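Quick notes on the structure that follows.
The values are calculated or read from the model by the stated rules, or taken from the named source; none is laboratory data. None of these values were measured; they are calculated from a predicted model. Cβ coordinates were reconstructed from backbone atoms using ideal geometry, including for glycine residues, and neighbour counts include every protein chain displayed.
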Amino acid sequence: MEIRIIAEGPADKDVTKAIIRKLTGADSENIITILPFDTIDETDRFSGNFSNWQLVLEKIADYSFWENAMTTIEGDYIFAIHIDTAARGEPKYDVNMPQRSGIVDWEQYAIELRKNVRQKMESLVPPVYHNRIAYAIAIEETEAWILPMFENAKHDTSSHAQPKEALNRIIGRDGKLQKKYINTAKKDLDYQKLGKALVDELKKCRKKCYSLDAFCIELESL
């Protein structure tokens with residue numbers, strides 16, 4: 001089976017890919033990244049080696065992309081399409097509900113928001129491909145999928161308005177975690193290592209993050 005990834009950025013791709021390998025048993029050679037390319041820097045921003053939510057939505061709305069992709073696939077396939085929800089109110093994203101204010105049940109919030117974003121994405125994808133897609137919709141950011149490894153909160157991690165800041169804060173105040181999960185060359189979290197750690201604790205993380213569990217369920221069903 002061939003699996004193709006469309007994701008907002010390298011960190012999102014690394015985490016999504018780790019989950020795919022864990023749940024499908026696919027070899028790296030059978031997992032192809034469409035967005036973003038593996039090597040990016042600031043000069044790549046307008047050369048195709050860059051991705052964000054706008055480019056994800058543009059890509060999946062491009063009918064010629066789907067037609068061309070199908071000519072190079074033999075046998076079974078899955079598309080894993082990642083997007084964060086943090087920018088959902090922006091023009092062209094236009095998924096405004098539900099709001100965060102007044103939330104009591106964070107899992108229900110995650111359920112509703114994921115449903116709305118999935119409907120948005122499905123409206124852009126040609127219907128013939130709908131049953132071959134697993135949607136990696138992260139609420140609010142992909143870091144929300146990782147947080148359950150480091151905290152024992154009773155609520156869903158969608159309660160974090162800025163999961164990346166929360167994750168950086170947790171890792172940044174622990175010397176052992178810094179050595180393990182910070183890429184000193186890039187001065188950022190090491191998402192390849194975090195992805196590997198996540199899949200080792202996937203069962204635990206799925207229980208505390210509805211959007212992660214929903215993506216895993218879609219992968220498993222395909």
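In the range 95-140, which residues are on the phi < 0 side of the Ramachandran plot, without any contact (Cβ under 8 Å) to a residue 40 or more places away in the chain and part of a loop (DSSP other than H, G, I, E, B)?
Answer for the range 95-140, where residues must be on the phi < 0 side of the Ramachandran plot, without any contact (Cβ under 8 Å) to a residue 40 or more places away in the chain and part of a loop (DSSP other than H, G, I, E, B): VAL95, ASN96, MET97, PRO98, GLN99, SER101, VAL104, ASP105.
May I ask you to say which residue of GLN178, GLN162, GLN192 is more than 21 Å from the chain's Cα centre (by Cα) and either on the phi > 0 side of the Ramachandran plot or of a type outside the set (D, E, K, R) (or both)? Can you show your working first?
Numbers: GLN162 fails: more than 21 Å from the chain's Cα centre (by Cα); GLN192 fails: more than 21 Å from the chain's Cα centre (by Cα).
Among GLN178, GLN162, GLN192, only GLN178 is more than 21 Å from the chain's Cα centre (by Cα) and either on the phi > 0 side of the Ramachandran plot or of a type outside the set (D, E, K, R) (or both).
Answer yes or no: is there a residue in the range 186-208 that is closer than 21 Å to PRO98 by Cβ, part of a helix (DSSP H, G or I) and touching a residue at least 24 places away in the same chain (Cβ under 8 Å).
Yes - at least one qualifying residue is present in the range 186-208.
Quick check on my filter: what residues within the range 120-149 are under 13 Å from ILE60 (Cβ atoms) and of a type outside the set (A, V, I, L, M)?
LYS120, GLU122, SER123, PRO126, PRO127, TYR129, HIS130, ARG132, TYR135 - these are the residues of the range 120-149 that are under 13 Å from ILE60 (Cβ atoms) and of a type outside the set (A, V, I, L, M).
Being in contact with a His (Cβ under 7 Å, 6 or more places away or on another chain), farther than 20 Å from GLU112 by Cα and in a helix (DSSP H, G or I) is the requirement here; does ALA166 meet it?
So ALA166 fits the description; yes.
Look through ARG118, ARG173 and report the one residue that is among the charged types (D, E, K, R), out of contact with any helix residue (DSSP H, G or I) (no Cβ under 7 Å at 6 or more places or on another chain), farther than 18 Å from ALA11 by Cβ and modelled with pLDDT under 95.
ARG173
Which condition number in (1) at pLDDT 95 or above; (2) surrounded by fewer than 22 Cβ atoms within 10 Å (Cβ to Cβ); (3) closer than 22 Å to GLY25 by Cα; (4) not charged (D, E, K, R) is the one that LEU222 fails?
(1)
Quick one: how many residues across the range 164-181 are over 13 Å from LYS193 (Cα atoms) and among the basic types (Lys, Arg)?
Total meeting the criteria: 4.
Residues PHE37, PHE46: which one is surrounded by fewer than 16 Cβ atoms within 10 Å (Cβ to Cβ), modelled with pLDDT under 95 and touching a Ser or Thr at 6+ places or on another chain (Cβ under 9 Å)?
PHE37
Quick one: is LYS187 at pLDDT 95 or above and over 17 Å from ILE83 (Cβ atoms)?
Taking the combined requirement at face value, the residue does not satisfy it.
Scanning for something touching a strand residue (DSSP E or B) at 6+ places or on another chain (Cβ under 9 Å), within 18 Å of CYS209 (Cβ to Cβ) and among the aromatic types (Phe, Trp, Tyr), does the range 129-137 turn up at least one residue?
Scanning the range 129-137, I find at least one residue that is touching a strand residue (DSSP E or B) at 6+ places or on another chain (Cβ under 9 Å), within 18 Å of CYS209 (Cβ to Cβ) and among the aromatic types (Phe, Trp, Tyr), so the answer is yes.
Please go through the range 169-185 and give me each residue that is under 17 Å from THR142 (Cα atoms) and assigned to a helix (DSSP H, G or I), ordered by number.
Across the range 169-185, the qualifying residues are ARG169, ILE170, ILE171, TYR181.
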